[in-house]
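Asks: I'd like to ask some things about the structure below.
We did not get these values from a lab; they are worked out from the coordinates using the rules stated. All values derive from a computational prediction rather than experimental measurement. Backbone-built Cβ (ideal geometry, glycine too); neighbour counts: all protein chains shown.
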Amino acid sequence: MELGEKLSSCRKKAGFSQEDLAEKIYVSRQTISNWENNRSYPDIHSLIALVNLFNLSLDQLVEGDIDEMKKIVQRDDLKKFNRDGWAMTIGLLIMALTAYPLIYFLGKGGFVIFIFEWFVVMYFALRIEKFKKENSVQTYKEILAISKGQTLNRVETIKEKAKYPYQKPLLVLGVTVVFCLIIGLSALLINNLF
């Protein structure tokens, strides 16, 4: 991050020590040191106080850091997206494996537990859809590209948009068939054992 260097430079040009600057913007000297050494980042109120004190625009002060912050946010969002994908997949697998046994052994109570599992899976599915909408990602190839930190070129994007109308229904159908097969195998196993 470049803010630390800019802050140190502006402070020295103004003839302030870290202690002087800290007093002027109502923070500790240690906070100024942390900012200058890129161990922490000022909050919005401190940034405003700094730009007013040094007679700069906010863009001038944080220039260069914005791109870095965007990358960090995108990395964090991608981690959440991947985590949500795994949670949804594991949740679907648990649902498929436990659906028949829950209802067979627990009756209505088992059905209530199954519905709870369904809500948990849907929560993660909605988070995934929100991420896809925010990042204009729809097709499998686009998801792979964004998970690698890449984007598709214009021609690839057009090709992928053409696939979207049939790709999602096929994916849903495939997941449903696998889900039903797992439930069927689970039912066969339970009926043969009990």
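Asks: With the crude spin-label approximation of a point 7 Å out along Cα→Cβ, what separation in nm comes out for residue 163 versus residue 181?
Replies: Roughly 2.1 nm, to one decimal.
Asks: Kindly provide the trypsin sites (Lys or Arg not before Pro) of the stretch 29-103 that DSSP labels as loop, not H, G, I, E or B, and whose Cβ sees at most 16 other Cβ atoms within 10 Å.
Replies: Working: sites: 29, 39, 70, 71, 75, 79, 80, 83; in loops: 39.
Passing sites in the stretch 29-103 are 39.
Asks: For the charge dipole of the chain, defined by +1 on Lys and Arg C-beta atoms and -1 on Asp and Glu C-beta atoms about the Cα centroid, which residue among 98, 122, 47 has the Cα displaced farthest towards the positive pole?
Replies: Sorting the options by dipole projection puts first 98.
Asks: Also: Give me the percent relative contact order of the chain, please, defined on Cα pairs under 8 angstrom at least 6 residues apart. All intermediate terms of the calculation are to be shown ahead of the outcome.
Replies: On the way: 127 pairs, mean separation 35.2, N = 194.
Answer for the chain is 18 percent.
Asks: Treat the stretch 68-193 as a sphere of radius equal to its Kirkwood radius over Cα pairs and apply Stokes-Einstein at 37 °C in a medium of 0.692 mPa s; give the translational diffusion coefficient in µm²/s, rounded to a whole number. Could the numbers behind the result be given before it?
Replies: Details: Rh = 16.7 Å.
D, rounded to a whole number, is 197 µm²/s.
Asks: By how many nm would the segment from residue 120 to residue 41 grow when fully extended, if each residue of separation counts as 0.36 nm and the alpha-carbon distance is taken off? Walk me through the numbers on the way to the answer.
Replies: Values: separation 79, 0.36 × 79 = 28.44 nm, distance 3.55 nm.
Stretched out fully, the residue 120 to residue 41 stretch lengthens by 24.9 nm.
Asks: Given 148/168; 108/133; 6/79; 71/133; 71/168, which pairs have Cα atoms separated by over 27 Å?
Replies: Exceeds cut-off: 108/133; 6/79; 71/168.
Asks: State the extension gain, in nm to one decimal, for the chain segment bounded by residue 134 and residue 153, taking 0.36 nm per residue of separation less the distance between their alpha-carbons. Present the calculation step by step, with values, prior to reporting the outcome.
Replies: Working: separation 19, 0.36 × 19 = 6.84 nm, distance 1.86 nm.
Length gained between residue 134 and residue 153: 5.0 nm.
Asks: Mind checking the log10 I(q)/I(0) for the stretch 3-63 at q = 0.11, 0.21, 0.24, 0.30 Å⁻¹? Debye, one equal scatterer per Cα, no solvent, two decimals.
Replies: -0.18, -0.73, -1.00, -1.73
Asks: Which aspartates and glutamates have a Cα less than 12 Å from the Cα of residue 161, not counting those fewer than 8 places away in the same chain?
Replies: Partners within reach: 142.
Asks: On to the next question. When only DSSP loop residues count, what chymotrypsin sites (Phe, Trp or Tyr not before Pro) in the stretch 1-51 have their Cβ near at most 11 other Cβ atoms within 10 Å? It would help to have the intermediate numbers written out before the result.
Replies: Values: sites: 16, 26, 35; in loops: 16, 26.
Listed in order of number, the matching sites are 26.
Asks: With all pairs of different alpha carbon atoms counted, what Kirkwood hydrodynamic radius in Å does the stretch 27-121 show? Write out the running numbers ahead of the final one.
Replies: Working: mean 1/r = 0.0562 Å⁻¹.
17.8 Å is the Kirkwood radius here.
Asks: Let me ask something else about it. Are there trypsin sites (Lys or Arg not before Pro) in the stretch 99-191 that DSSP marks as loop and that have at most 14 other Cβ atoms within 10 Å, and which are they?
Replies: Numbers: sites: 108, 127, 130, 132, 133, 141, 148, 154, 159, 161, 163; in loops: 148.
Answer in residue order: 148.
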